[in-house]
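Below is one structure, written out as structure tokens; comments come after it.
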């Protein structure tokens, strides 16, 4: 039950913040918002205030904002054949259309920054020791199998002296799965052993590469962040996950990473449930990560996503005229077909993960 509830909470927050961005931006430039819904029909609750109907749908996995004069997922083209009205999306200037469409993405990034800033303010900023002393040995790794223990100080690798943790880590990464002779100190007594690092895939220079890993980590202390330090760390962490998401997408597109690794709503549910059981901070941290993911995915120039709407708005601005409704519908339908295909692929991957 916790997995289902956690999934609903995560998706509701992400969608609400995203759609709130569109809603506020649309209102600010005079676009009429016809519907603001969290969840999809049938509606549990709905109330019309002014020109907008606010609703909570029975299907909680999503939501939407419907603006007058805009062809979106609803495929509503009822305005066809009528001149643009002042309150419609299609009647606005190019920069206003782009602003409204971009607002949801910006709100998701803002949410991530706020979450990561709060987490840094509560927990502090992690600072790793550069001293080559092992603080933790992970199970089922070469270090654990070889008998290395917390507190061991690494002196040399293959006879080459080690002065810092970074030097040690760099040597092991470059060694790959080649045997390495390790000299270390334990309780003032020098010892020597030979072990073979395990290969692990990691991102390096925008590429997926295999590097050597022992399965150890250095000591980490938490330093108090302070108000501005926490905000700075919030921006830094958001930037980190933005880069990770971008590189991951790049690897998928270039074929360096398999589409089998693409996850869907079941995978998100698993992550949400596990993070909820781990505590409040891991749970909101996951929301922050997924919010960055949602922001970057939405800005892709794919019809049906915000990036697709931005491309259309810019194209209309360059042409100085509105595209034909039939053209917009065709573009939107093609995009929705592609997105549904990716959704089905993600669900299939999720099911295979469950059985594995």
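The values are calculated or read from the model by the stated rules, or taken from the named source; none is laboratory data. In this text, all values refer to a predicted model and were calculated from it rather than measured experimentally. Cβ coordinates were reconstructed from backbone atoms using ideal geometry, including for glycine residues, and neighbour counts include every protein chain displayed.
Quick notes
- For region 122-169, the set of residues classified as without any contact (Cβ under 8 Å) to a residue 24 or more places away in the chain and surrounded by 14 or more Cβ atoms within 10 Å (Cβ to Cβ) consists of 169 only.
- Test for residue 174: is it in a helix (DSSP H, G or I) and either surrounded by fewer than 16 Cβ atoms within 10 Å (Cβ to Cβ) or outside the structural domain of residue 288 (by TED's automatic domain parsing) (or both): yes
Okay, residues lined up against (1) on the phi < 0 side of the Ramachandran plot; (2) in contact with a helix residue (DSSP H, G or I) (Cβ under 8 Å, 6 or more places away or on another chain); (3) assigned by TED's automatic domain parsing to the domain that holds residue 171:
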site: 214; (1), (2), (3): yes, yes, yes
site: 217; (1), (2), (3): yes, no, yes
site: 227; (1), (2), (3): yes, yes, no
site: 231; (1), (2), (3): yes, yes, no
site: 234; (1), (2), (3): yes, yes, no
site: 239; (1), (2), (3): yes, no, no
site: 244; (1), (2), (3): yes, no, no
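- Test: residue in region 235-249 that is farther than 27 Å from residue 173 by Cβ and part of a helix (DSSP H, G or I): yes
For (1) outside the structural domain of residue 292 (by TED's automatic domain parsing); (2) assigned to a loop (DSSP other than H, G, I, E, B); (3) loosely packed, with under 15 Cβ neighbours inside 10 Å, each residue gets a yes or a no:
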| site | (1), (2), (3) |
| --- | --- |
| 11 | no, no, no |
| 15 | no, no, no |
| 25 | no, no, no |
| 36 | no, no, no |
| 53 | no, no, no |
| 70 | no, yes, no |
| 84 | no, yes, yes |
